[in-house]
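What follows draws every value from the coordinates through simple rules; no lab data is involved. These numbers were taken from a predicted model, which means no experiment stands behind them. When we count neighbours, we look across all protein chains shown, and the Cβ atoms used for this are built from the backbone with ideal geometry, even at glycine.
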Amino acid sequence: MANMSLEEIIKATYNDPSKSGIFNNAAQVWNHSFFWKCLKPNGGGQPTGALADKIQADFGSFDAFIQEFKNAAATQFGSGWAWLVLDNGTLKVTKTANAVNPMVEGKTPLLTLDVWEDAYYIE
């Protein structure tokens with residue numbers, strides 16, 4: 001595995017119980033690194049251009065997307081992640097438990113929200 005990318009390690013170890021420790025650590029490194037890239041000082045607001053058009057086409061409106069994304073995050077039981085993914089050309093909202101990443105199902109992560117309790121339980 002020394003010459004594999006993090007994504008390759010995640011995909012190669014996902015369904016191998018003997019490598020669950022490797023999977024969990026590799027996936028959490030990827031998930032957290034991606035999460036931090038999704039944040040931007042003074043960011044926020046509605047997207048423009050092709051992404052805005054795709055959200056409109058696949059969710060009906062930006063507000064509908066936001067509601068679905070919030071619902072995925074709020075209803076994730078236990079630790080996990082809420083995701084905006086590209087799945088066979090369609091934008092979808094999904095959620096995963098623990099370290100699981102949508103890439104193991106062939107989906108492309110575009111946005112994530114950390115819903116592990118350490119992300120929000122202490123103010």
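Could you give every pair whose Cβ atoms fall below 6 Å, whose first residue belongs to region 7-25 and is over 19 Å from Pro109 (Cβ atoms), and whose second residue is of a type outside the set (A, V, I, L, M, F, W, C) and part of a helix (DSSP H, G or I), counting only separations of at least 6 or pairs across chains?
What qualifies is Lys19/Thr13; Ile22/Thr13.
Can you give me the number of residues within region 55-76 that are within 20 Å of Lys95 (Cβ to Cβ), touching a strand residue (DSSP E or B) at 6+ places or on another chain (Cβ under 9 Å) and part of a helix (DSSP H, G or I)?
11
Which number in (1) closer than 22 Å to Met4 by Cβ; (2) part of a helix (DSSP H, G or I); (3) not polar (S, T, N, Q) marks the one condition that Ala99 misses?
Going through the list (1) closer than 22 Å to Met4 by Cβ; (2) part of a helix (DSSP H, G or I); (3) not polar (S, T, N, Q), Ala99 breaks only (2).
Those residues that are surrounded by fewer than 10 Cβ atoms within 10 Å (Cβ to Cβ) and closer than 15 Å to Leu110 by Cβ, I need them from region 49-85; list them, please.
Answer for region 49-85, where residues must be surrounded by fewer than 10 Cβ atoms within 10 Å (Cβ to Cβ) and closer than 15 Å to Leu110 by Cβ: Gly49, Ala50.
Name every residue in region 13-30 that is under 18 Å from Trp81 (Cβ atoms) and part of a helix (DSSP H, G or I), in order of residue number.
Thr13, Ser20, Phe23, Asn24, Asn25, Ala26, Ala27, Gln28, Val29, Trp30, listed by residue number.
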